[in-house]
1. Could you list which residues have their amide H under 5 Å from that of GLY53, counting only those 5 or more apart in sequence or on another chain, with H placed in the peptide plane?
2. For n ≥ 4 DSSP H runs only, could you compute -39500 (n - 2.57) per run for the chain, divide by its residues and tell me the 222 nm figure to the nearest 500?
3. Given axes a ≥ b ≥ c from the Cα gyration tensor, I'd like to know whether segment 365-511 is rounded (a/c under 1.5), prolate (a/b larger than b/c) or oblate.
4. For the chain, give me the percentage of DSSP beta bridges that are antiparallel, rounded to the nearest 5 percent.
5. In terms of Cα to Cα distance under 16 Å, which aspartates and glutamates are near enough to LYS409, apart from those fewer than 8 places away along the same chain?
6. If you restrict to DSSP beta bridges whose two residues both lie in segment 266-443, what percentage is antiparallel, to the nearest 5?
7. In whole Hz and in residue order, list the ³J(HN,Hα) couplings for segment 86-96 that follow from phi through the Karplus curve 6.51 cos²θ - 1.76 cosθ + 1.60, θ = phi - 60°; x for Gly and Pro.
8. Counting only protein heavy atoms and using a 1.4 Å probe, what share of the accessible area of segment 266-443 belongs to carbon plus sulfur, as a whole percent?
Amino acid sequence: MSNNTSFDIIIVGSGHAGSCTAIAASDAGMKRILIVEKGPEGWVGGNGYFTAGAHRTVHGGLPDLLPLVTNVSAEQASQIDVEPYTAEQFTSDIMRLGQDKPDAALVKALVDGSRDAVQWLANRVKVPYTLAFNRQAYLVNGRQKFWGGLALSTRDGGKGLIETHRKALKEAGVETWFDTPAVEILLDGDAVSGLVVRKTGELVELHARAVVLACGGYEASRDLRKKYMGGNWDLAKVRGTPYNTGDGITLATAIGAALKGDFGGCHSTCWDANAPSDTGDRALSNQFTKSGYPLGLMLNAQGHRFVDEGEDFRNYTYAKFGRAILEQPGGFAFQVWDSRATKWLRDEEYGDGVVRKIWADSIEELAGRLQHEGLEDEAQFIQTIAHFNQAASQFQLAHPTAQWDPAVKDSLSTQGSGLSPPKSNWAMPIEQGPFLAVKVACGITFTFGGLAVDPDTAGVLSESSGKPIRGLFCTGELVGGLFYSNYPGGSGLTGGAVFARKAAREAAKLL
Ligand SMILES: Cc1cc2nc3c(=O)[nH]c(=O)nc-3n(C[C@H](O)[C@H](O)[C@H](O)COP(=O)(O)OP(=O)(O)OC[C@H]3O[C@@H](n4cnc5c(N)ncnc54)[C@H](O)[C@@H]3O)c2cc1C
């Protein structure tokens, strides 16, 4: 840690968005670049470290993606199907999942900047992209079929992503001060002039004409979750860093920044009920995720289903089903599969030693075992599965040519039976033992409410003037107005890079 107090740009947060900003600032000619990070060095990378490294981008299909990735041989390439993903599809996914509430200009900035940002990450930062066979494709009839508009991941997920960033930051001469939270933004008139940080217990004034807030949302603050989201959100389990406690909102609003977005909403998923509560685990990281529900059923403590598990691909439902689980009695649920589906479950999430698995040879026996895990109504659990099986079998009888296929929305459903909630795809009766259940809770990933920013410059807008506050920028999770209620998987990392590059370019103009 140097004793400099004067910088060209100061970035708050060492996650993916903060790291992208610092590297882009170096590209833009800035020399004295500082990242201040609240957590210790062992927690570098914030939530970015916990990600799967999934990046959603507009692309032209396999030929467009192949030059970016490092894990596909020419021979393998001939057995892979990746459909192009257009700007219209990306836009419509965000708007559809957000019930048309997302800010159209922000969404356009993200979508239009996505492909270029990914190219920059690959070329400049040297992010080791891979095609995500393990998460986003199924092997069907000898071909790897990608589904859900998302194909890119990074080698070693978030761990690999953050390691790559650290290397690039070092090469660019960027300093990072750990254990150094930002506590106040300094103003000279109405322009930003620096930041106060707490460094080795002392308050220290740092000077810079540009400050970029990349310090995440408020998902790790029980109090702010309760305040903004109500209900029993204080009980949700934190999936990532414990340091994202809403500081960016506090810092920016103290100098008159405007808030924007869905403060009652968040990204929350099916998460191992036995995972820690207030922090992610840097060893198991994202492996607590439990996203195999489209191939099975989810039942609550009273033995009832509560969502359409097959409503859409996992990418389009996983971010809202955490909330649905939290709303159930006791805030937990059981995921259940029969032996035909268990072999499709991903090892990272459901492998031996990763999650506690409850096996049984019959549904009755399974219900008995689940009583020890909190199932209150054994008879209802058995009846719910029986009703589902009846509905799924009826549909199959009426549609004998329909094929179960996890790589497409196969329309194998419970339609016509009146089952509520229905299962709209992948509805295969749960009837061939052995049967598997795992207990899941709600894991909160990040919050949707944040700061209002200018879509072209990532400048933070003033509450009173509606114009950017000179010298203050924002990127990553903290940008408000992009996502409402739900979120298409892989958009967060891409968005962080897009707005980081805009912020760095604009900040360079202030020098
Ligand atoms: C388990 C998990 C899996 C995910 N998987 C994906 C995925 O595959 N693809 C995807 O697109 N998104 C994914 N996400 C979401 C993704 O993490 C975010 O979109 C992205 O990483 C946010 O980047 P960020 O830099 O804004 O925030 P973060 O990476 O969280 O970084 C914020 C940093 O700011 C620091 N900080 C906080 N307050 C202060 C302060 N006062 N002073 C200084 N520093 C401060 C924090 O300690 C933290 O290091 C996942 C998230 C989790 C938790």
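1. Under 5 Å from the amide H of GLY53 lie the amide H atoms of GLY158, each far enough along the sequence or on another chain.
2. -8500 deg cm²/dmol
3. prolate
4. 70 percent
5. Counting by Cα, and skipping residues close in sequence, LYS409 has these aspartates and glutamates nearby: ASP81, GLU83, ASP93, ASP308, GLU309, GLU311, ASP312.
6. Antiparallel bridges: around 100 percent, rounded to the nearest 5.
7. These are the phi-based 3J(HN,Hα) values: 8, 4, 5, 5, 4, 4, 5, 5, 5, 5, 5 Hz.
8. 48 percent
The values are calculated or read from the model by the stated rules, or taken from the named source; none is laboratory data. Being a predicted model, the structure only gives us computed values, none of them experimental. Every residue, glycine as well, gets a Cβ built from its backbone with ideal geometry; the counts of neighbours run over all protein chains shown. Each accessible area value is taken on the protein alone, full model and side chains, heavy atoms only, with ligands, DNA and RNA left out. Shrake-Rupley method; radii C 1.70, N 1.55, O 1.52, S 1.80 Å.
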